[in-house]
Amino acid sequence: MAEGLRERKKRQTRQYISDMATGLFLERGFDAVPMAEIAEAANVSVNTVYNYFPAKEDLFLDRSKGLIERLSRFVRARDTGESAAAAVLRELRSEVESVSPKVGLIEGYARFMKVVQESATLQARMWHIQREQYENLEATLRQETGAADGDPLPGLMAGQINWVHQSLMIAIGQEMTAGRKPDVVSREALVLLDEMEDLLSEKVLNYAVRADD
């Protein structure tokens, strides 16, 4: 369905507010910028900012919903004969090989991480995002396999798959924060993914294989 004029204006306003806020956060730090200043920079009222972003940290981590659902999307889109872990590994390799900003392989990522590292509030939100990502993946694996509510296996498998993703993101973040080039970090991250895959058991690698329809 085509986007209506009102929806487009709301999306553009939301993006503009987020862009203004991000610029201020990168310049002065998250905790040093009040909501009133963000509203003034975006030429809107403080209430308007809160209408789009219920919490200040939502302005800096405005794509958190996509992050939370990320691994579940990979699993749901897996090919016939492909397991959940294999699908996630394939998608992550594709993003790393293409030097994608989705995994932090972008110039300027160090500035983003610096803002997070200097704010306890943002660090707490990042932890919650990671937790929600795991819970979302567990629910997806339970649904995809038809596991009973009391079955611990989907949670255990989600933990293993989530470990691969988080370990990759941490490793890339550390190297990018150190000022290294995205293409160089990309090559090293591919090696790391291979090493992590070698550490996964056959049970993990063969869990939730998609059957023929």
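Cα atoms only, the range 36-128: Rg and Dmax in Å?
For the range 36-128, the Cα-based Rg and Dmax read 17.1, 54 Å.
Hey, what's the range 93-213 come to in accessible area per residue, 1.4 Å probe, Å²? Don't skip to the answer; put the middle values down first.
Values: 6780 Å² over 121 residues.
Roughly 56 Å² per residue, with all protein chains present.
Given R₀ = 25 Å, what would the calculated FRET efficiency be for S201 paired with D151, taking r from the Cβ atoms and rounding to 0.05? Could the numbers behind the result be given before it?
On the way: r = 18 Å, r/R0 = 0.71.
Efficiency computed from Cβ-Cβ geometry: 0.90.
Tell me the angle of helix 5-28 to the major Cα principal axis of the chain, expressed in degrees between 0 and 90 and rounded to the nearest ten.
Compared with the principal axis, the helix lies near 80 degrees.
Can you give me the angle between helix 182-199 and the longest principal axis of the chain, using Cα atoms only, in degrees from 0 to 90, rounded to the nearest 10?
Computed tilt is about 40 degrees.
Please compare each pair in K10/K102; K102/K203; K114/K181 to a cut-off of 21 Å on the Cα-Cα distance and tell me which ones are over it.
Details: K10/K102 24 Å; K102/K203 28 Å; K114/K181 17 Å.
Result: K10/K102; K102/K203 exceed 21 Å.
What FRET efficiency, computed as 1/(1 + (r/R0)^6) with R0 = 41 Å and r the Cβ-Cβ distance, is obtained for N51 and R187, rounded to the nearest 0.05? Spell out each step's value before the answer.
Numbers: r = 44 Å, r/R0 = 1.08.
With a Förster radius of 41 Å, E is 0.40.
Ignoring the sites themselves, what is the longest stretch of the chain with no trypsin sites (Lys or Arg not before Pro) in a DSSP loop and at most 15 other beta-carbon atoms within 10 Å?
Values: sites that count: R63, R180.
Within the chain, the longest run free of exposed trypsin sites (Lys or Arg not before Pro) spans 64-179.
Just to confirm the filter: which GluC sites (Glu not before Pro) across the range 1-78 are DSSP coil and have at most 16 other Cβ within 10 angstrom of their Cβ? Numbers along the way, then the final one.
On the way: sites: E3, E7, E27, E37, E40, E57, E69; in loops: E3.
Passing sites in the range 1-78 are E3.
Residue by residue through the range 85-94, which ³J(HN,Hα) values in whole Hz follow from phi under the Karplus form 6.51 cos²θ - 1.76 cosθ + 1.60 (θ = phi - 60°), with glycine and proline marked x?
Along the range 85-94, the couplings run 5, 5, 5, 5, 4, 4, 5, 5, 4, 4 Hz.
Give me the percent relative contact order of the chain, please, defined on Cα pairs under 8 angstrom at least 6 residues apart. Walk me through the numbers before you get to the answer.
On the way: 207 pairs, mean separation 56.2, N = 213.
Over the chain, the number comes to 26 percent.
On C-alpha positions alone, give me the angle between the axis of helix 120-145 and the longest principal axis of the chain, in degrees, nearest 10.
Long axis of 120-145 versus the principal axis of the chain: about 40 degrees.
Could you look at the chain and say what percent of its accessible area is carbon and sulfur, using a 1.4 Å probe and all protein chains?
Details: 6050 of 11850 Å².
Percent of accessible area from carbon and sulfur atoms in the chain: 51.
The values are calculated or read from the model by the stated rules, or taken from the named source; none is laboratory data. Nothing here was measured: the structure is a model prediction, and the numbers come from that model. With ideal geometry, Cβ positions are generated from the backbone for all residues, glycine too; neighbour counts draw on all protein chains shown. Just so you know, the surface numbers come from the protein's heavy atoms only, side chains and all, with ligands and any DNA or RNA stripped out. Shrake-Rupley method; radii C 1.70, N 1.55, O 1.52, S 1.80 Å.
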